Structure formats: C-alpha cells, structure tokens
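A.B. asks: Take this structure first; my questions come after.
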Amino acid sequence: MRKSFRSTAFRLAAIATVFATAAACGGDPAPTQGGGGNGAPAALEGVGPITLVSGKDTSGNLQNQVDAWNKQNPDQKVTIIELPESADAQRQQMVQNAQTQSDAYSVLTLDVIWTAEFAANQWVVPLPEAEFPLDTFLPATVETAKYFNKLYAVPATSDGGLLYYRKDLLDSVGAKAPTTWAEMKETCEKIKAKPENKALNCFAGQYEKYEGLTVNFSEAVNSAGGAVVGEDGKPTVNTPEAAQGLQFLVDGLKDGTIPEKARTYKEEEGRRDFQAGQLIFHRQWPYQYALANATDGSSKVAGKFDVAPLPGASGPGASTLGGHNLAISAFAPNKKTSVDFIKFMTGEEQQRANLEATSKAPSMASLYDDPALVEKFPYLPGLKASIENAKKRPSVVKYQEVSTAIQEAAYSAMSGQATPQDALASLQTKLEQLTAS
Ligand code: GLC
C-alpha cells in the first residue's frame, strides 16, 4: 500500500510544476492524499521519541522549549536536529532526507516557502485542522501552511522585515526614522558628515546569493510599487516599478549607501556588524531585537536603536512575509507524539515564552496586542500590521528554481553584469517558463 502511495508521489513529483495558488487556478497538481489507500487521510498514530529538525537556533531558546516538553513527557522525548543557518542549506537536507524516505526526521521546521513542494511530493502528512486553534493565528500565517486548501503544517513563528536604526545617531542630527529611500540616504549623509561617524556604513540587508537575496529583492520591488508575481500567480517583474526597486539596490552599492561587504551578508553576518555599531540602518527580522539589546557585552548598540517599517520609493515599503511552520514527515514513526508536540510548540504558553526570550514574531494574533508584551516590545503592533500587509513569495512546487532565478537576476544587476532592465526582462522569461502549466 505504502509502495503505491510512494509511486504516486514520484509521478506527482515528476509532473509537479507551478503555483499552488495559481493551481488552485490551474498548474500544480493536487496531491492524492491517502495512506489508507482509499483517499482517507493517514492516521496519525504512534507514541514515543521523536526528533525536531530545525535551522540553526541563532536565538538560543529552542532547547529550553524542548526541555519543557521533555520534562512533561519523559516517554516521548524530543531530540533537536540542528541544520545550518541558511534557508537553502536547510531545505537541501530536508529534501534529501525525504527523498531517501529516512525516518530520522519527525517534525520538520519548514520555511513558509516550502509548503507546496513538501505537500505535493507527500513528504509531509496532512494535519487535522480542527485540532489546532487556527482562528487565533494571523490569517496570513495559516495561508502559508496550506496547499490546495489543506493544512500541512502549523505556523510556529511568523516574520516581517523591519528597519533597525541607530536612534542615538538619528537624534544627534534631529532626524526621524525615514519613510523613503531618499530620506534614509540624506539622514546618513548628515550623520556621516560628523568626523566621528565617517567610518559608519549607511544601510544593508541580506544580499548574499541565497534565499535572503530573494527576500530583499522582492521587498525592493514591492517597496517601489511593483510585484514579483500578480494576484493570479503570473510573473510581473518586467515593469518600471520592479526596475526602480532593483535600481535602488544597484545604485546603493555604486554610491556606497550599501557597503560592498553587504553582498556577503546573510542574517547573522549583518547582525554582527549592526551589533558592532558599524551600520546606521539595517533591514532585518524581529529576532535581532532581543540579541542586539543584550547587555552582556555582546552588543555595542544595546538601548541605542529602534525599529520602524521598511522605507520605500515614495513612502513606506512592504515587507516580504517570512516565518516557519511545523510539519510531520511522512516517513517517521510516532506521529501522534508529533501532533501533540506541535500543539505544545504553537500553543499560547510557548509562543508567549518564545517571544519574551527571543523577540521572534509569533503566529498567534492576540500576543501582538498584549499590554505586557507591547511594553517590552513596543514594535509589536507595527509588526503585526507589517505582517498583515506583507507580500507572499510565490507558492509553487518548484519554488527553489523560482528563487534561484530571482537570485541570479538580482546578483547580475547588483554586480554590474546586466542593467536592471535586462536582468528583469530575462527573469520574466524564466519565471514564465517555470510557472507555465
Ligand atoms: C527568515 C524567514 C524566512 C526566510 C529566510 C531567508 O528565516 O523567516 O521565511 O526565507 O529568513 O533568509
């Protein structure tokens, strides 16, 4: 039975293409979920030890969460398997594990962009929606966990880009957080005109060639009024707005607003430089808030920075929606324990504790308006709005190919090998091919 289940999966994988949303509008295949062989969802049974697979825990609270579970559930111990820091490397290991049908990974921490691929290939199992309080989550996060309207994961954390800025330096020149790229540049010029600030860098995001570049490119395009894909899931990158967004990154590197060094930044490299006091502005996820405010000597900017919405071409910009969802591998035993552990990790108590410990964006909506939490993290209401307005990356089975094409286009323009217009024209053609049904 399992065998025919798998061969269906392989057939599906072979023909798998395109957009889940669009495929709901024609394109991606709906997985013929079974497990019972009769179309019924596979039973989530089995109690005992499991593993939790996650990217490198740069915030340092994951083991505490797992310890809390293990204390309450000594016969269903969870062991963390930590993968690399970069999203692309994490995906690669999880895909390899699934392709060999290994039972080593039980609960998978999936980036929001991987749901379509893992669901269409039946590497993760559908989850019983009614068992999770999904109506208490931010709707945008729940949407990322679905494929063909079925739930395959539960949102554990969300993510939205924020503009971190050195409040002490902005105050010293009487500046407020900028809402446009031009204002941001002007403020940098004023700050850097002071001899003691000469060596500072103005602005950086994540521009190494990996998923972070796709995020930052998309934000630049969105923040200039463009879109990588339209509502119908069709690519729309060959537009003047998209070119203006990419031009901001290209010009920034040329005129030094963005340091050359930022082309080697993933999240952690940039965080280290922000914490060393080298950056005036930094596009980064919420997790940096707690770490950069640490008073143990690891951050030179504790208490000296604040956060604001991302700036854009002619007013506030739009963030890319990030975040991580917990899913259950189709190949691992003890699925009942996995379901219960996901409930524990995504429940209110752990989400609150995790926010307090790490400043990561929760998926549960009410925490953003909780007075005690807002006092500690004043940016929460703004972050909620930013997540609600954030733009999704394409929900496609071939997401990695789409993302690689985006990274290549952004890279070639940012390194001066192609004009933004040429890079975007050829990206449009590539994306059309990748998303054609
Ligand atoms: C963060 C986001 C994730 C994104 C990644 C890119 O981890 O939560 O969605 O893909 O950054 O580096």
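A.B. asks: Report, by residue number, each residue of segment 264-285 that is out of contact with any Asp or Glu (no Cβ under 7 Å at 6 or more places or on another chain), in a loop (DSSP other than H, G, I, E, B) and open to solvent by less than 30 Å² (accessible area, probe 1.4 Å).
C.D. replies: G277
A.B. asks: Here's a follow-up. Cβ-Cβ below 8 Å, separation at least six or inter-chain, first residue in segment 91-110 and over 10 Å from A327 (Cβ atoms), second loosely packed, with under 14 Cβ neighbours inside 10 Å and of a type in the set (G, A, S): which pairs?
C.D. replies: Note: pairs meeting the criteria are N97/A104.
A.B. asks: Next question. Would you mind stating whether D340 is in contact (Cβ under 8 Å) with a residue 24 or more places away in the chain, among the acidic types (D, E) and closer than 18 Å to Q65 by Cβ?
C.D. replies: In short, yes.
A.B. asks: Something else about it: Any residue at all in segment 304-311 that is farther than 30 Å from L253 by Cα and more than 18 Å from the chain's Cα centre (by Cα)?
C.D. replies: Looking for residues that are farther than 30 Å from L253 by Cα and more than 18 Å from the chain's Cα centre (by Cα), one finds none in segment 304-311, hence no.
A.B. asks: So if I check each of Q417, Q400, which one is among the polar types (S, T, N, Q) and not in a helix (DSSP H, G or I)?
C.D. replies: Just one listed residue meets the conditions, Q417.
A.B. asks: Look at segment 149-180 and say how many of its residues are buried (at least 23 other Cβ atoms within 10 Å of the Cβ) and in contact with a Gly (Cβ under 9 Å, 6 or more places away or on another chain).
C.D. replies: Selection size over segment 149-180: 9.
Table: residues versus (1) under 30 Å from G245 (Cβ atoms); (2) in the same structural domain as P126 (by TED's automatic domain parsing); (3) in contact with a Leu (Cβ under 7 Å, 6 or more places away or on another chain).
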position	(1), (2), (3)
S338	no, yes, no
E349	no, yes, no
G382	yes, yes, no
S403	yes, no, no
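A.B. asks: What about K56, is it open to solvent by 40 Å² or more (accessible area, probe 1.4 Å) and either of a type in the set (F, W, Y) or within 12 Å of the ligand (Cβ to nearest atom) (or both)?
C.D. replies: For K56, the condition - open to solvent by 40 Å² or more (accessible area, probe 1.4 Å) and either of a type in the set (F, W, Y) or within 12 Å of the ligand (Cβ to nearest atom) (or both) - is met.
A.B. asks: Still on this model: Which residue out of K209, K234, K146 is open to solvent by 10 Å² or more (accessible area, probe 1.4 Å), modelled with pLDDT under 95, of a type outside the set (A, V, I, L, M) and under 25 Å from the mean Cα position of the chain (by Cα)?
C.D. replies: K234
Listed here are the residues, each with its yes/no results for (1) under 20 Å from the mean Cα position of the chain (by Cα); (2) assigned to a loop (DSSP other than H, G, I, E, B); (3) surrounded by 22 or more Cβ atoms within 10 Å (Cβ to Cβ).
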{"residue": "I328", "(1), (2), (3)": "yes, no, yes"}
{"residue": "F331", "(1), (2), (3)": "no, yes, no"}
{"residue": "R352", "(1), (2), (3)": "yes, no, no"}
{"residue": "E375", "(1), (2), (3)": "no, no, no"}
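A.B. asks: From Q101, Q96, grab the single residue that is modelled with pLDDT of 95 or more, surrounded by fewer than 19 Cβ atoms within 10 Å (Cβ to Cβ) and not in a helix (DSSP H, G or I).
C.D. replies: Going through Q101, Q96 in turn, the sole match is Q101.
A.B. asks: When the residues of segment 194-228 are narrowed to those that are within 16 Å of the ligand (Cβ to nearest atom) and not in a helix (DSSP H, G or I), which ends up nearest to R393 (Cα to Cα)?
C.D. replies: Filtering first and then ranking leaves V228.
The values are calculated or read from the model by the stated rules, or taken from the named source; none is laboratory data. All values reported here derive from a predicted model rather than from experimental measurement. With ideal geometry, Cβ positions are generated from the backbone for all residues, glycine too; neighbour counts draw on all protein chains shown. Accessible surface areas use protein heavy atoms only, side chains included; no ligands, DNA or RNA. Shrake-Rupley method; radii C 1.70, N 1.55, O 1.52, S 1.80 Å.
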